[in-house]
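What follows draws every value from the coordinates through simple rules; no lab data is involved. These numbers were taken from a predicted model, which means no experiment stands behind them. Cβ: placed from backbone, ideal geometry, glycine included. Neighbour counts: every protein chain shown.
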Amino acid sequence: MVTLNSFLVLGAILFCIGLFGALSKRNAVAILMSIEIMLNAVNITLVGYSSAFMGHTHGERLTGQIFAIFIITVAAAEAAVALAMIIAIYRRRSTIDIGEINLMRW
Amino acid sequence: MLNTPFTYMPTGADWLRILPELIVFGAALLVLLADLFIPNGRKGWLAMVCLLGVIAALIGVGYLLSNGDSQTAFYGMISDDTLALFSDLLILFAVGIGLLYSPGYIERHAVTRIGEYYGLMLLAALGMMLMASATNLMLIFVGLEALSLSLYILCAIELTRFRSQEAGMKYFILSSFASAILLYGMAMLYGSTGTTSLSGVQAFFAPGRHPFLATSGYGPLLLAAMGLLGVGFCFKVSAIPFQAWTPDVYVGAPTSVTAFMSVGTKVAAFVALSRVFLLALGAQSDKWEPVFWIVAILTMLGGNLMAVVQRDVKRLLAYSSIANAGYMLVAIATNTQHAFSGLLIFLATYTVMNVGAFGIVLALERNDGQGTTLDDFAGLAKRRPGVAAAMAIILFALAGVPPSAGFVGKYYVFQAAIVGNHIDLAVIGILTSVLGMYYYLRVIWAMYFTEPRNVSGGAGAIAATTGMAGEDEGEPEPADAASGASVAPVRAGTATLARPVTSRRSANSRTVVATQAPAESAAPPLTLGTTVALTLAVVLTVALGLIPGPIVMLAEQAARLLGQ
């Protein structure tokens with residue numbers, strides 16, 4: 001039986017995996033992937049809540065699913081921009097290690 | 001009832017309420033389209049199209065201010081209340097000034113994608129306006145991403161300067177990370193209230209609506225929602241401890257973009273933060289107020305302390321923008337209608353001062369992005385008295401010296417804090433402002449009371465000597481000769497807007513420099529657009545200080561939203 005709890009726990013676990021990856025990885029592509037995992041964790045959470053709100057009105061109940069579609073769209077645009085930037089950096093520096101992309105320090 | 005399909009037909013009134021946004025969007029599309037037809041030599045016209053679009057949008061804001069109905073549109077997604085129009089005004093002003101700076105900057109810095117540059121400037125402004133006008137979490141997110149995605153590209157648009165790409169990359173990683181956290185917060189808020197509309201959330205917490213809230217609160221879910229939302233917003237407004245990206249991005253991004261984004265994103269993020277926390281979550285203020293109290297203190301102290309040790313003026317301004325975010329957070333932590341109008345006044349004054357300050361940096365910056373350290377400012381008053389005077393006025397205003405815009409902003413925020421029983425915040429704010437005075441006045445000291453030192457070596461010196469040679473031959477833009485052939489077509493392209501101002505003064509000062517300190521003079525003369533923009537910023541900085549009345553009235557009208 002898939003209950004709201006299953007959705008939320010899965011979402012939380014995925015979010016934590018993404019969070020850990022975004023903080024610990026040094027490869028720009030891996031960081032991008034981690035951020036995408038975080039966004040998808042949010043999607044799962046939203047859809048989970050949306051399916052749990054059975055008693056509410058139609059509009060409110062669908063909000064979570066529509067929000068998830070917005071997030072999917074934005075995540076795609078974000079990945080496109082990020083990959084373009086990563087390629088531009090790789091062409092100049094031959095590295096996508098964010099530890100080495102560091103000309104500016106205070 | 002659940003089986004009736006959901007329908008909502010937008011009416012004409014709905015479209016009218018988003019008039020400024022529509023105009024900016026139309027102008028952005030027009031620019032991207034016109035870019036295909038305008039030959040490479042004439043891309044300067046694109047800036048003209050953008051500026052006309054911004055002016056038209058400002059007229060649209062004016063129309064809505066006098067004739068608008070302050071209602072929400074599109075099923076409660078977006079509103080044309082005074083708060084939204086007030087922030088539209090500031091954002092449009094910032095993007096207008098940024099666009100005026102742009103032709104001169106593009107011309108000098110070999111930005112080859114000119115059509116995309118202008119299109120993205122307008123789309124970033126559109127995202128900011130949407131975020132500030134949004135009355136639904138969903139639209140706040142869409143606006144935020146529209147502005148962020150445009151700004152990532154704008155930061156990284158200088159393909160020949162690696163710092164620019166580094167800034168874009170850093171901004172992308174930290175900003176999208178923050179967006180994900182913010183989104184998780186939104187999902188939690190949706191989970192605890194069942195709606196993403198801000199008025200719906202507000203109604204959910206209305207007294208008596210859900211009796212169990214009064215006794216048990218909403219427990220961990222709501223706390224998690226507020227925590228994640230708070231972290232996400234603190235990233236966006238660059239509050240300490242989430243400020244790490246700000247200096248690098250502001251320094252690395254093209255200066256015309258920095259001038260615009262440093263104020264535009266602040267306005268959008270602070271207005272959205274106020275809508276979410278002050279308005280929607282106002283009933284839960286006992287839980288989030290202490291957090292913002294701590295963050296405000298940390299940001300004021302940290303921002304000012306880190307600014308003190310900076311030697312580069314562009315970086316100093318980046319830290320000063322963090323410190324200013326701290327003063328704005330004082331208003332959030334105070335959480336009264338009075339403090340909210342103080343926040344809006346502060347945002348307005350900060351906007352005019354900061355676009356001016358970055359404009360000066362842009363005017364002095366050399367083609368390699370160097371030339372903005374304190375040593376480069378030494379003796380500036382003798383070399384370029386006009387620029388130095390403008391910088392002095394703006395820095396006095398940023399330091400909060402009366403009667404300037406900066407003083408007005410700080411006065412309203414701190415006065416509201418004292419009235420709102422947050423004397424501690426006001427005292428810390430005033431003490432850190434004194435600290436701020438030290439580093440602002442140090443720049444003025446360098447400009448007026450020190451002799452230029454011959455410190456700039458390497459590329460700067462070469463650029464300078466080449467520039468001098470070019471000047472002797474009557475080249476209109478001497479410093480360009482140093483940055484390579486790639487600039488040439490672009491330079492011709494923006495000639496319409498960016499005609500160099502060959503005023504007597506700058507010619508004289510450069511002759512003096514040629515005999516005294518040749519390595520310092522590589523910064524080219526101001527373009528027409530930059531001169532107009534700087535004049536506008538300085539005049540408004542003084543005017544807001546002398547006659548703050550209109551902006552204060554508008555801010556108080558906008559803040560009335562909180563009292564409803």
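Just to be sure I understand the curve: with the Debye formula and one point per C-alpha of region B:234-273, what is log10 I(q)/I(0) at q = 0.23, 0.24, 0.32 Å⁻¹? Treating every Cα as an identical point scatterer, log10 I(q)/I(0) equals -0.74, -0.79, -1.08.
If only the Cβ of Lys and Arg carry +1 and only the Cβ of Asp and Glu carry -1, the dipole of the protein assembly as shown around its Cα centre is close to 600 debye. Cα centroid separation, region B:77-143 to region B:1-66: 11 Å. Remark: region B:293-304, residue by residue, has Karplus-estimated 3J(HN,Hα) of 4, 5, 4, 4, 5, 4, 5, 4, 5, x, x, 5 Hz, where x stands for each Gly or Pro and the curve is 6.51 cos²θ - 1.76 cosθ + 1.60 at θ = phi - 60°. Considering only Cα atoms, the convex hull volume of the protein assembly as shown works out to 148 Å³ per residue.
The charge dipole of region A:4-93, taken about its Cα centre with unit charges on the Cβ atoms of Lys, Arg (+1), Asp and Glu (-1) only, comes to about 500 debye. At 20 °C and 1.002 mPa s, what whole-number value in µm²/s does Stokes-Einstein give for the translational diffusion of region A:4-93, with Rh from the Kirkwood sum over Cα pairs? Answer, rounded: 150 µm²/s. Using the Cβ of B:L16 as centre and a radius below 13 Å, the other residues enclosed give a net charge of -3, where K and R count +1 and D and E count -1. Summing Lys and Arg as +1 and Asp and Glu as -1 over all other residues whose Cβ lies under 11 Å from the Cβ of B:A417 gives a net charge of 0. Computed over the Cα atoms of region B:111-155, the ratio of the radius of gyration to the Kirkwood radius (Rg/Rh) comes to 1.07. The label-point distance for B:W15 and B:V539, in a model that sets each label 7 Å from Cα toward Cβ, rounds to 3.6 nm. Cα centroids of region B:546-562 and region B:151-211: 28 Å apart.
Which lysines, if any, have their Cα less than 25 Å from the Cα of B:K236, not counting same-chain residues under 8 positions apart? Partners within reach: A:K25, B:K170, B:K266, B:K287, B:K314, B:K410.
Here B:M306, B:M447, B:M131 are placed in order of increasing Cβ neighbour count within 10 Å, fewest first, which gives B:M306, B:M447, B:M131.
Positive contributions from Lys and Arg (+1) and negative ones from Asp and Glu (-1), summed over other residues with Cβ under 15 Å from the Cβ of B:P548, come out at 0.
Two tests apply to each whole DSSP H helix in chain A, Cα reach of 24 Å or more along its axis and mean Kyte-Doolittle hydropathy of at least 1.6, and the ones passing both are A:4-24.
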